[in-house]
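Engineer: After the structure tokens below, expect a handful of questions from me.
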Amino acid sequence: METEPGSLVQTKVNTNYSRLLNTYSRYPVEFSYGNGAYIYDETGKEYIDFLCGIAVTGFGHNHPGIKAAAVKQIENFWHVSNLYTSTPQETLAKKLVHHSGLDSVFFCNSGTEAIEAAIKFTRRWGKGKYEIISTIGGFHGRTYGSLSATGEYKYWEGFEPLVPGFTHVTFGNIQAIENAITNDTVAVLVETIQGEGGVNVAPNNYLNELRSLCTEKNILLIIDEVQTGIGRTGKFFSYLHEEIIPDIVTAAKGIANGIPLGATICSKDIAKEIKPGNHGSTFGGNPIAIAAANKVVDLLNEEQLNKIEQLGKTIMDALHGLNISEIKNVRGRGLMIGIEFIQGISAKDAAKRLLEKGFLVGTSGETVLRILPPFIITQTEIMKFLLAFRKVISDISGKEY
Ligand code: PLP
């Protein structure tokens, strides 16, 4: 006997009825084991993971070094409050400061929390100035501050009114940002590549110009590196491709290879405004996540970062070389790649067919297939993917590629 949803009366109902809230449209596949770039479902079928949990498991599944670090921490203890000293947190913070060019780190559990912290720190620094300019198509998370910064109506629908003080302008257009600045503007918040918005890469020099504009107007530049950061594009943070330093950087997703962790990294000027009690988190900077993240960051050396950039070029060149007329555009950087199809070719359909063939990929909107392979992907696995992809497009289009 089960209880009907919304009823206290016990009646016989379909036991297949999911009691999970309907927030995701899920593929009917359940995984039981992962190793490196490979993951296996309950039937033992093998898949190559070209999605990485949406840019999370950069070093693949079951990475021996990362696993050992997490297991060692579990064996010692797995939680103490942030009211006590943590040398591993200090160590990770120093590494993030080194890579970012910034000064101080706040640890939380997710991307959206990292953005919330960034918004709060920004407002505190602004001393009354509160307007944040973000971009149309930008995605920053689902909690109210980050949802309000997110520049796409479909995420807001049914949840308004949003947090006041957010303006959205065209991505990649400096003039649009300049025009939106008012006396109340405190910051600009951007991704360097809009991930959820369609793998839209910022035009060359956009970040440089943004940096100059923000400095000139005495407003903060916040870069959301939740998806692009921690090596994904071939630099530790993607803004380093343009050699600028923002005022605040947010990171999450890949930082602990799948154990929840987020970080908000800020400049000295902002850090000095934050005092005990201004912000906090029970679980933020959890010891297991911090242990894994310390290992992840150590693995991301120059050689590994160059390899990521090179692998990305190999994949993008190969995709161009397929000469598939259903592909409108291939774009991205490092191992963050979008394949945009012409109208009428559904990215979701292509993703489903690739899943059947043993490949996990993502989508961004209707027509963009998103691939976010692990940093440990090999040429052989890339070749297997390209062959499967070509077959899928042949099947969809009815043409022989
Ligand atoms: N910011 C960016 C750029 C993202 O891509 C995401 C998630 O996709 C978020 C923020 C929110 O991260 P989370 O889902 O961990 O809250």
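Engineer: Going by Cα centres, the range 37-109 and the range 261-336 are how many Å apart?
Structural biologist: 12
Engineer: Could you tell me the calculated FRET efficiency between residue 87 and residue 31, based on Cβ-Cβ distance and R0 = 41 angstrom, to the nearest 0.05?
Structural biologist: Numbers: r = 35 Å, r/R0 = 0.85.
The calculated FRET efficiency here is 0.75.
Engineer: Sorting check: for 317-325, 77-85, 288-296, which peptide has the highest mean count of neighbouring beta carbons within 10 Å, and how do the rest follow?
Structural biologist: Numbers: 317-325: 13.4, 77-85: 9.7, 288-296: 24.9.
Highest-to-lowest ranking by the protection proxy: 288-296, 317-325, 77-85.
Engineer: Filter the DSSP H helices in the chain by two things, a Kyte-Doolittle mean of at least -1.0 and an axial alpha-carbon span of 20 angstrom or more, and list the hits by number. Walk me through the intermediate numbers first.
Structural biologist: Details: long enough: 111-126 (22 Å, -0.36); 302-321 (28 Å, -0.64); 379-397 (27 Å, 0.50).
In the chain, the long hydrophobic H runs are 111-126, 302-321, 379-397.
Engineer: Quick check for you: with a 1.4 Å probe and neighbouring chains kept, what is the accessible area per residue of the chain, in Å²? Could you put the intermediate results ahead of the total?
Structural biologist: Working: 18940 Å² over 401 residues.
Value returned for the chain: 47 Å² of accessible area per residue.
Engineer: Would you please give the residues with an amide H less than 5 Å from that of residue 367, counting only those at least 5 places away or on a separate chain, with H modeled from the backbone geometry?
Structural biologist: Amide H to amide H, under 5 Å and 5 or more residues apart or across chains, residue 367 pairs with 347.
Engineer: Of the DSSP beta bridges with both residues in the range 64-299, give the percent that are antiparallel, rounding to the nearest 5. The partial results should precede the final answer.
Structural biologist: Values: 11 of 25 bridges.
Bridges in the range 64-299 are about 45 percent antiparallel.
Engineer: Let me make sure I get this right: for the range 303-355, a, b and c are the square roots of the gyration tensor eigenvalues over alpha carbons, sorted descending. Under 1.5 in a/c it's rounded, otherwise prolate if a/b > b/c, else oblate. Which is it? Numbers along the way, then the final one.
Structural biologist: Working: a/c = 2.67, a/b = 1.88, b/c = 1.42.
Because a/c hits 1.5 or more and a/b exceeds b/c, the range 303-355 counts as prolate.
Engineer: Over the range 87-128, how many percent of alpha carbon pairs lie in each 10 Å bin up to the one with the longest distance?
Structural biologist: Calculated over all Cα pairs of the range 87-128, the distribution is 26, 48, 25, 2 percent.
Engineer: Moving on. In nm, to one decimal, how far is the residue 46 label point from the residue 384 one, both placed 7 Å along Cα→Cβ?
Structural biologist: Simple spin-label model gives 0.5 nm for this pair.
Engineer: Can you give the alpha-carbon Rg of the range 139-183 over 2.2 N^0.38 Å, where N counts its residues? Working shown, then result.
Structural biologist: Numbers: Rg = 11.4 Å, N = 45, 2.2 N^0.38 = 9.3 Å.
Here the answer is 1.22, to two decimals.
Engineer: Follow-up question, since we're still on this one. Output the Kirkwood hydrodynamic radius of the range 64-299, Cα pairs only, in Å rounded to one decimal.
Structural biologist: Evaluated on the range 64-299, it is 17.9 Å.
Engineer: Averaging sequence separations of C-alpha pairs under 8 Å and six or more residues apart, then dividing by the length of the chain, give the relative contact order as a whole percent.
Structural biologist: 21
Engineer: From the Cα gyration tensor of the range 210-328, with a ≥ b ≥ c the square roots of its eigenvalues, which class applies: rounded if a/c is under 1.5, or else prolate if a/b is larger than b/c, or else oblate?
Structural biologist: Values: a/c = 2.44, a/b = 1.45, b/c = 1.69.
The shape class here is oblate.
Engineer: Shape verdict for the range 144-277, please, from the Cα gyration tensor: rounded (a/c under 1.5), prolate (a/b greater than b/c) or oblate.
Structural biologist: Details: a/c = 1.14, a/b = 1.07, b/c = 1.07.
Verdict is rounded for the range 144-277.
Engineer: May I ask what percent, to the nearest 5, of DSSP beta bridges between residues of the chain are antiparallel?
Structural biologist: On the way: 34 of 50 bridges.
DSSP beta bridges in the chain are roughly 70 percent antiparallel.
Engineer: Which lysines, if any, have their Cα less than 21 Å from the Cα of residue 399, not counting same-chain residues under 8 positions apart?
Structural biologist: The qualifying lysines are 328, 348, 352, 357, 384, 391.
Engineer: At a Cα cut-off below 24 Å, give the lysines reachable from residue 94, other chains included and same-chain residues fewer than 8 away excluded.
Structural biologist: Hits, sequence-local ones excluded: 67, 72, 120, 235, 253, 268, 272, 275, 295.
Engineer: Can you tell me which of 326, 196, 216 moves the most in a GNM of the chain? Springs connect C-alpha atoms under 10 Å apart.
Structural biologist: Maximum among the listed residues: 216.
Engineer: Here is a further query. Report the calculated FRET efficiency for residue 79 and residue 174 (r = Cβ-Cβ distance, R0 = 41 Å), to the nearest 0.05.
Structural biologist: Working: r = 45 Å, r/R0 = 1.10.
For residue 79 and residue 174, the calculated efficiency is 0.35.
Engineer: When all C-alpha to C-alpha distances in the range 1-154 are sorted into bins of 10 Å, what percent of pairs does each bin hold, rounded to whole numbers?
Structural biologist: For the range 1-154, the pair-distance distribution reads 8, 19, 28, 28, 14, 3, 0.
Engineer: If I stretch the segment between residue 320 and residue 352 completely, what's the gain in nm (0.36 nm per residue apart, minus their alpha carbon distance), one decimal? Before the final figure, lay out each step's value.
Structural biologist: Details: separation 32, 0.36 × 32 = 11.52 nm, distance 2.20 nm.
Between residue 320 and residue 352, full extension yields an extra 9.3 nm.
Engineer: Let me ask something else. Which semi-axes, in whole Å and largest first, does the equivalent ellipsoid of the chain have when worked out from the alpha carbon gyration tensor as the square roots of 5 times its eigenvalues? Before the final figure, lay out the partial values.
Structural biologist: On the way: eigenvalues 216, 144, 114 Å².
Over the Cα atoms of the chain, the ellipsoid semi-axes are 33, 27, 24 Å.
Engineer: When the helix-only estimate is applied to the chain (DSSP H runs of n ≥ 4, each -39,500 (n - 2.57), divided by the residue count), what is the mean residue ellipticity at 222 nm, nearest 500 deg cm²/dmol? Let's see the in-between values first.
Structural biologist: Working: 13 runs with 142 residues, N = 401.
Computed mean residue ellipticity for the chain: -10500 deg cm²/dmol.
Engineer: Carbon and sulfur: what percent of the range 64-299's accessible surface (1.4 Å probe)? Write out the running numbers ahead of the final one.
Structural biologist: Working: 5400 of 10010 Å².
Carbon-and-sulfur percentage of accessible area, whole number: 54.
Engineer: Only Lys, Arg, Asp and Glu count, each charged at its Cβ (+1, +1, -1, -1), so figure out the dipole size of the range 64-299 about its Cα centre, rounded to 20 debye. Each step should come with its number before you reach the end.
Structural biologist: Working: 20 positive and 23 negative charges, 137 e Å.
Computed charge dipole of the range 64-299: roughly 660 debye.
Engineer: In nm, give the distance between the simple-model label positions of residue 331 and residue 103, each being 7 Å from the Cα along the Cα-to-Cβ direction.
Structural biologist: For residue 331 paired with residue 103, the spin-label model returns 3.6 nm.
The values are calculated or read from the model by the stated rules, or taken from the named source; none is laboratory data. From a predicted model like this one, the values you see are computed outputs, not experimental measurements. Please note: Cβ atoms are built from the backbone with ideal geometry, for glycine as well, and neighbour counts cover all protein chains shown. Keep in mind that these areas ignore ligands, DNA and RNA; they rest on the heavy atoms of the full protein, side chains included. Shrake-Rupley method; radii C 1.70, N 1.55, O 1.52, S 1.80 Å.
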